[in-house]
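Take a look at the structure set out below.
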Amino acid sequence: MIPGFPVQVEARLEALRQFLALCIPSLHGARLVEYRGVDLLGAVDVALADLETQVTRSLSEGQRVDWLCRNGRLYLRAFAADAPAPSWERVFAEEDVADVRAILREAGLGDDA
């Protein structure tokens, strides 16, 4: 195990607990949206009781995890620690960070080239 990792995880979980204390009265669900590079890996609903387990799992896999409440739902944004954070608008829409196929087509390198 990486030295100091349990302390880092606990600090992140404590930050989540403090955040939840502010928005929990209006919270009715949670959604994990995971990215790898510019690609959306997937999005799944997460039970409120499982939030800490899910955050711990994502951190253990080397991901960064941020959160934001929107319309009564907590969104967890998980992405590689060495990658830029996807915009919240992309997270809410559950979209890839970039449309690589469109970029390649525009450069004349796509399927239509």
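The values are calculated or read from the model by the stated rules, or taken from the named source; none is laboratory data. Remember, it's a predicted structure, so these values are computed and weren't measured experimentally. Note that each Cβ is placed from the backbone with ideal geometry, even for glycine, and that neighbours are counted across all protein chains shown.
Key figures for this structure:
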item: Conditions (1) over 10 Å from the mean Cα position of the chain (by Cα); (2) at pLDDT below 95; (3) not in a helix (DSSP H, G or I); number of the one not met by residue 85; result: (1)
item: Which numbered condition residue 15 fails, given (1) of a type in the set (A, V, I, L, M); (2) in contact with a Ser or Thr (Cβ under 6 Å, 6 or more places away or on another chain); (3) outside any strand (DSSP E or B); result: (2)
item: Residues located in segment 38-57, provided they are in a loop (DSSP other than H, G, I, E, B) and surrounded by 14 or more Cβ atoms within 10 Å (Cβ to Cβ); result: 38
item: Hey, residue 4 touching a helix residue (DSSP H, G or I) at 6+ places or on another chain (Cβ under 8 Å) and either on the phi > 0 side of the Ramachandran plot or exposed (fewer than 15 other Cβ atoms within 10 Å of the Cβ) (or both) or not; result: no
item: Whichever residue in segment 58-97 is in contact with a strand residue (DSSP E or B) (Cβ under 8 Å, 6 or more places away or on another chain) and of a type in the set (Ser, Thr, Tyr) and, among such residues, is surrounded by the fewest Cβ atoms within 10 Å (Cβ to Cβ); result: 58
item: Unmet requirement for residue 54, which otherwise passes all of (1) touching a Lys or Arg at 6+ places or on another chain (Cβ under 9 Å); (2) at pLDDT 95 or above; result: (1)
